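Trainee: Got a structure for you, questions after.
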Amino acid sequence: MRTFRFELMRPEELLAEQERFSVAYLPVGPLEWHGPHMPFGTDPLDAQAVAYSIAEKLGGVVFPTLFFGTEAARSPEMVRRMGFEDDTLYVVGMDVPNNTVKSCYSPEEMFGVILRENLRLIISHGFKLVVIVNGHGADGQLATGERLANELSNTTASKVLFTRALQKLDEQDEQLGHANIAETSMQMYISGDSVDISKLPPRDVPLKTSEWGIADSLLFQGKGNKEHTVEHDPRDASAELGKRYVENGAKRISELILKTYKEL
């Protein structure tokens, strides 16, 4: 097959692939601050890389990546977990006051409308299975994606799955987070010189979430350290580790796709 990317396919190629393996993929994620060392497109680029990897192995058609997503203001409890003394501080997503550029966050209701329309257009092509490959972990993003997948699976002729690109390597893996070692490693593997670790301070300087907009998932779970610093440090990232995360996400989602497709 010449390509699995919808935007590069001719009509006969699209129809032939639908006949062979009727699965469509939609990578999605916002343009978001990921520290001074990472590109704004980290989340959607992660999702895109995983979707491409799946399509290369299984087949199907990858639709153009949706560089769009949502976030909300942090609760007082979450503001404290991030290391701010004033829990009345208005912090949306990872846009801490020190950031030099704001993220491109959409309100949840707008994200829902845009995602729904993208899914409607994909479904209108007659795919049996539509897979949302999501690169962003915000509560609103997850809830909206899961809600639309459930609704459209029950109101259209297509089955819709909502999946996450970044997944644990194993049950003991605690390295997931925002712009920490896991995401930084993925981008090193995916986009190479778009990552510049030299933009971070020397290794002996702790990375405080409130100062850098970088965090471990453990922090959001209330399991972070008392200093509110990043333990799974992006300065320890490597392309080799990033490859493992991309391949792991693709493998886990592929298994779900094959199981679901067989049951259609």
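Trainee: Could I have the simple spin-label model distance between residue 205 and residue 128, label points 7 Å from Cα toward Cβ, reported in nm to one decimal?
Mentor: With each label point 7 Å from Cα toward Cβ, the separation is 5.5 nm.
Trainee: Compute the acute angle (0 to 90°) between the alpha-carbon long axis of helix 11-20 and the principal axis of greatest extent of the alpha-carbon atoms of the chain; round to the nearest 10°.
Mentor: It works out to around 90 degrees.
Trainee: So what is the accessible area of the stretch 41-119 per residue, in Å², with the probe set to 1.4 Å?
Mentor: That works out to 46 Å² per residue.
Trainee: Can you find, among 169, 188, 114, the residue farthest towards the positive end of the dipole of the stretch 69-196? Put +1 on the C-beta of Lys and Arg, -1 on that of Asp and Glu.
Mentor: 114
Trainee: Sorted by packing (mean other beta-carbon atoms within 10 Å per residue), highest first, where do 58-67, 164-173 land?
Mentor: In descending order of packing, they fall as 58-67, 164-173.
Trainee: Here is a further query. Which FRET efficiency, nearest 0.05, do residue 236 and residue 196 yield, Cβ-Cβ r, R0 22 Å?
Mentor: 0.90
Trainee: Determine, for the chain, the count of lysine pairs separated by eight or more sequence positions (or lying on different chains) whose alpha-carbon distance falls under 22 Å.
Mentor: 26
Trainee: Sort 106-113, 124-131 by packing, meaning the average of other beta carbons within 10 Å per residue, with the highest value first.
Mentor: 124-131, 106-113
Trainee: If you don't mind, there's one more thing I want to ask. Would you work out the relative contact order for the chain, in percent, from Cα pairs under 8 angstrom that are 6 or more residues apart?
Mentor: 23
Trainee: Rounded to the nearest 500, what is the chain's calculated 222 nm mean residue ellipticity when only DSSP H runs of at least 4 contribute -39500 (n - 2.57) each, over all residues?
Mentor: Calculated at 222 nm, the ellipticity per residue is -13000 deg cm²/dmol.
Trainee: So, by mean Cβ neighbours within 10 angstrom, what's the order for 239-246, 138-145, 8-15 with the highest one leading?
Mentor: 138-145, 239-246, 8-15
Trainee: Any idea what angle helix 181-191 forms with the longest principal axis of the chain, computed on alpha-carbon atoms, 0 to 90 degrees, nearest 10?
Mentor: Helix 181-191 sits roughly 50 degrees off the main axis of the chain.
The values are calculated or read from the model by the stated rules, or taken from the named source; none is laboratory data. Small disclaimer: the values here were computed from a predicted structure and weren't measured. Every residue, glycine as well, gets a Cβ built from its backbone with ideal geometry; the counts of neighbours run over all protein chains shown. Ligands, DNA and RNA are stripped out before the accessible areas are found, and what is left, the full protein with its side chains, is counted by its heavy atoms. Shrake-Rupley method; radii C 1.70, N 1.55, O 1.52, S 1.80 Å.
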